[in-house]
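The values are calculated or read from the model by the stated rules, or taken from the named source; none is laboratory data. This one's a predicted model, so the numbers in the text were calculated from it and none came from an experiment. Cβ: placed from backbone, ideal geometry, glycine included. Neighbour counts: every protein chain shown. These accessible areas exclude ligands, DNA and RNA; they are computed on the full protein's heavy atoms, side chains included. Shrake-Rupley method; radii C 1.70, N 1.55, O 1.52, S 1.80 Å.
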Amino acid sequence: MAIHPFKEEITMQDKLVALVTGANQGIGLQIAKDMAAHGFTVLVASRNLARGEAAAGEVGPDALALQLDVTDQASIAAAAERIRTKLGRLDVLINNAAISNTSKRPDQSIEEYSKSVRASNVSLDEVRAVWETNVFGVLAVTQAMLPLLREAPAARIVNVSSGVGSLTLNADPAFPWRSIFGPVYAASKTALNAMTLAMAVELGPEGIKVNAVSPGFTRTNLNNYAGTETVEEGAREAVRVALLGPDGPTGTFSNTAGIIPW
Ligand code: NAI
């Protein structure tokens, strides 16, 4: 029997497939480990392929490294094409990759840095750079992966946001993180929440659930390991909503304690 010229490239993929962006370290790497433990084949996406391969090795035999820079349209398109030819399916997309700043000096405290990036004095280049990754990157990756997700029987999209982006919480003068609410990182997560709701509204009728989660203050590179929670705790809510059944909600923002107001 003749072999279809492209068929040999395609592995018959019966297992569910999850893609985690920025999975080479931190919360993303832990989410990848947890999804593999739940029986998924996990695409460990990383800007740097070698780092992705090292992380995929840590996750185990059900992980595959994927080069993916969420700010680079060519990289995103190539990643989507690779998933289609290599696995032929995508069930869960976890938009985890993010940056907190591009300009914080290592000797600067978070308080000092936040004074230099207030609405009155922040460089627009800094705002654009952080939003490029945390907001537009999520939209671009989601758009590229949607054709595959739409073919999945019950696709899920999880956007890793942060409680510091909640407008409702920050409007309350008693909110402890209010003093660091600003146009760069915190507002990028507010905008990500808006994208989450927009995606949930559009994709709900198709059965694709889209939710945002807040990991909590987790010990990772993002905050120079100043966080108080472990990566296992930080990954938990993202994994829970990635595994929601047909009766689960869409268009929510939550952490392990429950719903967070937008
Ligand atoms: P991290 O800095 O260890 O991980 C971020 C990951 O994103 C890294 O793997 C990094 O390489 C990747 N990344 C950055 N820019 C990228 C790009 N252009 N393309 C692809 N990948 C890129 O930080 P952490 O804490 O693990 O962050 C994971 C998520 O959790 C982020 O969305 C962050 O905003 C969120 N979060 C973290 C909190 C914390 O306390 N650590 C609190 C609230 C939210």
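Do you know which residues across the stretch 104-118 are under 26 Å from the mean Cα position of the chain (by Cα) and either on the phi > 0 side of the Ramachandran plot or not in a helix (DSSP H, G or I) (or both)?
Correct list: Lys104, Arg105, Pro106, Ser109, Val117, Arg118.
Applying the selection to the stretch 83-114, what residues are more than 12 Å from Asn224 (Cα to Cα) and among the hydroxyl-bearing types (Ser, Thr, Tyr)?
The answer is Thr85, Thr102, Ser103, Tyr113, Ser114.
Identify all residues within the stretch 60-103 that are in contact (Cβ under 8 Å) with a residue 24 or more places away in the chain, of a type in the set (Gly, Ala, Ser), part of a loop (DSSP other than H, G, I, E, B) and farther than 18 Å from His38 by Cα; write none if there are none.
Answer for the stretch 60-103, where residues must be in contact (Cβ under 8 Å) with a residue 24 or more places away in the chain, of a type in the set (Gly, Ala, Ser), part of a loop (DSSP other than H, G, I, E, B) and farther than 18 Å from His38 by Cα: Gly88, Ala97, Ala98, Ser100.
All but one of (1) within 19 Å of Thr71 (Cβ to Cβ); (2) surrounded by fewer than 23 Cβ atoms within 10 Å (Cβ to Cβ) hold for Leu93; which doesn't?
(2)
So Ser46 clears everything in (1) within 13 Å of the ligand (Cβ to nearest atom); (2) surrounded by fewer than 17 Cβ atoms within 10 Å (Cβ to Cβ); (3) closer than 24 Å to Ala212 by Cβ except one condition, right? Which one?
So Ser46 meets the others, but not (2).
For the structure I just gave you, tell me whether Gly52 is at pLDDT 95 or above and at positive phi.
no
Name the single residue, out of those in the stretch 9-39 being modelled with pLDDT under 95 and either of a type outside the set (D, E, K, R) or in a loop (DSSP other than H, G, I, E, B) (or both), that is most open to solvent (accessible area, probe 1.4 Å).
Result: Met12.
Is there any pair with a first residue in the stretch 233-262 that is at pLDDT 95 or above and a second that is surrounded by fewer than 20 Cβ atoms within 10 Å (Cβ to Cβ) and part of a loop (DSSP other than H, G, I, E, B) whose Cβ atoms are under 7 Å apart and which are 6 or more apart or on different chains, and what are they?
Final answer for the pair search is Glu233/Gly216; Gly234/Gly216; Arg236/Thr256; Glu237/Thr256; Leu243/His38; Pro246/Ala154; Phe253/Trp262; Asn255/Gly216.
Could you please find all residues in the stretch 204-262 being β-branched (Val, Ile, Thr) and away from the ligand (no atom under 15 Å from the Cβ)?
The answer is Ile208, Val210, Thr250, Thr252, Ile259.
I'd like to check something: does the stretch 101-110 contain any residue that is small (Gly, Ala, Ser) and at pLDDT below 95?
yes
For the stretch 135-146, which positions are within 14 Å of the ligand (Cβ to nearest atom) and either farther than 23 Å from Val239 by Cα or open to solvent by 70 Å² or more (accessible area, probe 1.4 Å) (or both)?
Scanning the stretch 135-146 gives a single hit, Phe136.
Among (1) of a type in the set (Val, Ile, Thr); (2) at pLDDT below 95; (3) closer than 26 Å to Ala78 by Cβ, where does Ile208 come up short?
(2)
Would the stretch 153-167 turn up any residue that is at positive phi, in contact (Cβ under 8 Å) with a residue 60 or more places away in the chain, more than 11 Å from the ligand (Cβ to nearest atom) and of a type outside the set (Lys, Arg)?
Checked the stretch 153-167: no residue is at positive phi, in contact (Cβ under 8 Å) with a residue 60 or more places away in the chain, more than 11 Å from the ligand (Cβ to nearest atom) and of a type outside the set (Lys, Arg).
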